[in-house]
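Structure first, then comments.
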Amino acid sequence: MSWLEIFLLACALAVDAFSVGAVVGLRHRQARQIFRLAFHFGLFQALFPLAGALASHLVLGAIEAWDHWVVFLVLSGLGARMVVNAIRGGEDPQEEIDLTKGMRLVGLSAAVSIDAAAAGLLIEATDTPLLASVAIIGLVAAVATAVAMLAASKLSARVGKRAEVGGGIVLILIGTRTLLAHLGWLGG
């Protein structure tokens, strides 16, 4: 693969990270939250294709049966919670759950990165330099996430709770699209 193709692959893989980053950015606007989410999304987007390349067909065959369900459940659950909280008036700010910490951060990072494991097979099959490729994939995902979170924080200030409802719906749609595409009910 050429470096342009690696960059385009990285951009395609970063679409989910961008979308989820935008939704998370509606509520989490502090610099450290943006850094944490962007760093972890970039790290996971780099680690999953690395693991996919190293484990090749063995690991991917094992997780392929359920990866779409993980993405669907994590993103749809988070999206539904956002919609409900926005409609009910939200949570007490002191009780608001920080999605950029702990197992929620790990779950979101894994959910947006599972499909990147298959990219490791492509990289390995085309004899493309592995470490440089996964570094590009991770960097593109991190930048896309940070840009999305910064843009979302500005949008949220303008449209308020409607943005949270819309963001929750977007997460549900991304999760549903992933599930339906895997089940063969959609073209992609």
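At-a-glance table
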{"read-out": "Full-extension gain in nm, M1 to T126, via 0.36 nm per residue minus C-alpha separation", "value": "44.4 nm"}
{"read-out": "Label point at L139 placed 7 Å out along Cα→Cβ; residues across the range 23-44 whose backbone nitrogen lies under 18 Å", "value": "38-44"}
{"read-out": "Longest segment of the chain lacking GluC sites (Glu not before Pro) that sit in a DSSP loop with at most 16 other Cβ atoms within 10 Å", "value": "97-188"}
{"read-out": "For the range 105-131 and the range 1-38, distance of Cα centres in Å", "value": "14 Å"}
{"read-out": "Gain on full stretching of the segment that runs from L183 to R162 - 0.36 nm per residue minus C-alpha separation", "value": "4.4 nm"}
{"read-out": "Residue-span extension gain [K101 to L8] - 0.36 nm each, minus C-alpha spacing", "value": "30.5 nm"}
{"read-out": "The range 3-182: equivalent-ellipsoid semi-axes (sqrt of 5 x gyration tensor eigenvalues, Cα, Å)", "value": "29, 17, 13"}
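Since every read-out is calculated from the coordinates, none of them should be taken as a lab result. Every value quoted in this text rests on a predicted model; they were computed, and no experiment measured them. Neighbour counts run over all protein chains shown; Cβ positions are idealised from the backbone, glycine included.
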